[in-house]
Amino acid sequence: MPTVHMLDYVAGNVRSLVNAIEKCGYMVEWVRTPEDVSRAEKLILPGVGHFGHCLSQLAGAGYLAPIRAHIDAGKPFMGICVGLQAIFEGSVEDPATPGLGVIKGDLDRFDDTNKAVPHIGWNSANAGGKSLYDLQPTSKYYYVHSYKYPYVKGKLEDQGWTVATGTYGGEVFVGAVAKANILATQFHPEKSGVAGLRVLKAFLTGSGAETVGQDIAGPAPTGGLTRRVIACLDVRTNDQGDLVVTKGDQYDVREKTSDRGVRNLGKPVELARKYYEQGADEVTFLNITSFRDCPLADLPMLEILRQTSKTVFVPLTIGGGIRDTVDVDGTKVSALEIATMYFKSGADKVSIGSDAVLAAEEYYGLGRKLFGATAIEQISRAYGNQAVVVSVDPKRVYVPKIDATRHNTIQTKFPGPKGEEYCWYACTIKGGRETRDLDVVELVQAVEAMGAGEILLNCIDRDGTNSGFDLELIDQVKGAVRIPVIASSGAGNPGHFQEVFEKTRTDAALGAGMFHRGEYTVKQVKDYLAEKGLEVRQFEGDL
């Protein structure tokens, strides 16, 4: 197989990029030393997280000069995400650290006054009628970033670059650039389905470099950020020891029949691929038993991720058991080390649940002070806040009047059993089995301060009911934080997705049981949303 060299400086999930490259018919050779760069014909610099961390890691290991020499020699070079940012002169994310300076200009941060940051989701990469490595004006590509280069017409073009742009909340930013031997994408092609695989293949084969900047005719570009539809798979062992996808009613995953066996809705790897082929924008695995008796290196979820990432080219999130722990042999293992195992196996994001509640309680107990050692802080510091999702499991507590509790209350349209017109949402841990004296607003604001990049907002009252999302809960949480929020719990039909997207500011919506039971497909939900005028991404087939 032909080869491409890739430089990994502990930059998050590179397993999926390797799988995508292999899908395109190429093999990866790793750059282990600065001397390896000179032997590379094609070089890829992937990356997620912090601009300063990326450049300081490269500088400290002696890679900056060899990378510049590779580019100056006219050899093919591709930068992905922070790999794109690295070729600019600098970034406000770390003003003291210089970039490679291949492109003149500095990056700034998205304005979060009227939108969630990080910018997470499927967006356009419109090259304005120019050829740019097989980018298509009607395709969508997966972005996850807080910092961007603001696009000003002509500024980069005058430097000889062909530019593709995206738009988020009124801000136009650079989604990809190309010139001569260089391609750099702010989006992740390895997580952008078939559209992204085409871009990778155009780089690997050299066909993209041959046509970059040429005028092309084609359809008009579509709009900006799409509505994200996520498929969630709760994974556990059943009573026979088999790994299954299950779904509960108010978190009870056992059948209501006399045998009370664990509800078995399918095999996780097979279902994940099916949902990908139906057009799911992301797939989330929640390990709801943590496989407590397994050595960490042999966790079943690691193999699920390895197998899934070979055929599923959209973001994968994993939750369950990501905490400081002790392995079965007595070795102490940090949450960061466990997260790293998941990232190396194919995960893009990790989801933290009960431990986030306990960390938030300690945060408030210390007078809203960060203490640096929580799982959220460890992982976001190493991999960036976009890599950390906090899964929240709140339930309603009704009160007769607004000042009957110290907690953040709402006036509800759905009164309580005694006619109470107010309620607050109490956070729970241990799969909803234990309620804490912490409300959902307190929790999400605490984890945002710790460095979480996204909230997965469940609702115990709606879970398994097929009655729709709790819009009041979503509104309260969206009003409390500036990071993206995923609506979860209660989806029973496509209309519920339309309702949550039109009546709240949610950034994504998640379905589980309705997909597992075959009542609706992901494609049916997306087709329905498109018919109602909401922009969605559709699956484009195989490469």
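The values are calculated or read from the model by the stated rules, or taken from the named source; none is laboratory data. Only a predicted model underlies this, so the values are computations on that prediction, with no experimental measurement involved. Because the Cβ atoms are built from the backbone with ideal geometry, glycine has one as well, and the counts that use them run over all protein chains shown.
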Check: Among the residues of the range 499-506, is there at least one that is more than 20 Å from T226 (Cα to Cα) and touching a residue at least 60 places away in the same chain (Cβ under 8 Å)?
Finding: no
Next item on the list: Name the one entry in A373, A382 that is surrounded by fewer than 24 Cβ atoms within 10 Å (Cβ to Cβ), small (G, A, S), modelled with pLDDT under 95 and over 22 Å from R306 (Cα atoms).
Entry: A373
Checklist line | Scope the range 95-148; condition of a type in the set (D, E, K, R) and over 17 Å from P484 (Cβ atoms); matching residues | finding: K104, D106, D108, K130, D134
Notebook entry, point to check: Can you tell me how many residues in the range 45-72 are hydrophobic (A, V, I, L, M, F, W, C) and surrounded by fewer than 17 Cβ atoms within 10 Å (Cβ to Cβ)?
Noted result: 4
Margin query: I'd like the residue in the range 97-132 that is over 25 Å from R227 (Cα atoms) and among the polar types (S, T, N, Q) and, out of all such residues, is surrounded by the fewest Cβ atoms within 10 Å (Cβ to Cβ).
Written below: T97
Note to self: Among the numbered criteria (1) surrounded by 14 or more Cβ atoms within 10 Å (Cβ to Cβ); (2) closer than 25 Å to L336 by Cβ; (3) out of contact with any helix residue (DSSP H, G or I) (no Cβ under 7 Å at 6 or more places or on another chain), which one does R32 miss?
What the structure shows: (1)
Checklist line | Given (1) surrounded by fewer than 24 Cβ atoms within 10 Å (Cβ to Cβ); (2) more than 19 Å from the chain's Cα centre (by Cα), number of the condition T167 does not satisfy | finding: (2)
Next item on the list: Go through the range 213-236 and count every residue that is assigned to a loop (DSSP other than H, G, I, E, B) and modelled with pLDDT of 95 or more.
Entry: 5
Next item on the list: Would you check if there is a residue in the range 254-276 being assigned to a strand (DSSP E or B), under 30 Å from A116 (Cα atoms), modelled with pLDDT of 80 or more and not β-branched (V, I, T)?
Entry: no
Next item on the list: Would you check if S207 is small (G, A, S), modelled with pLDDT of 95 or more and surrounded by fewer than 16 Cβ atoms within 10 Å (Cβ to Cβ)?
Entry: yes
Notebook entry, point to check: Does A40 meet the test of being assigned to a helix (DSSP H, G or I) and either at pLDDT 95 or above or in the same structural domain as R381 (by TED's automatic domain parsing) (or both)?
Noted result: no
Notebook entry, point to check: So, of the residues in the range 404-427 that are touching a residue at least 60 places away in the same chain (Cβ under 8 Å) and closer than 29 Å to A373 by Cα, which turns out to be farthest from the chain's Cα centre (by Cα)?
Noted result: N408
Next item on the list: Go over the candidates K478, K413, K418 one by one and state the one that is touching a strand residue (DSSP E or B) at 6+ places or on another chain (Cβ under 6 Å) and of a type in the set (K, R).
Entry: K478
Check: Only one of (1) touching a Pro at 6+ places or on another chain (Cβ under 6 Å); (2) at pLDDT 95 or above fails for T138. Which number is that?
Finding: (2)
Notebook entry, point to check: So which residues in the range 133-163 are buried (at least 19 other Cβ atoms within 10 Å of the Cβ), of a type in the set (D, E, K, R) and not in a loop (DSSP other than H, G, I, E, B)?
Noted result: K148
Next item on the list: Assess whether A356 counts as being crowded, with 22+ Cβ neighbours inside 10 Å, within 18 Å of V14 (Cβ to Cβ) and not hydroxyl-bearing (S, T, Y).
Entry: no
Margin query: List the residue pairs whose Cβ atoms are under 8 Å apart, where the first residue sits in the range 23-51 and is in contact (Cβ under 8 Å) with a residue 12 or more places away in the chain, the second is assigned to a loop (DSSP other than H, G, I, E, B) and of a type in the set (V, I, T), and the two are 6 or more positions apart or on different chains.
Written below: V37/V31; A40/V31; L43/V31; P46/V14; F51/T97
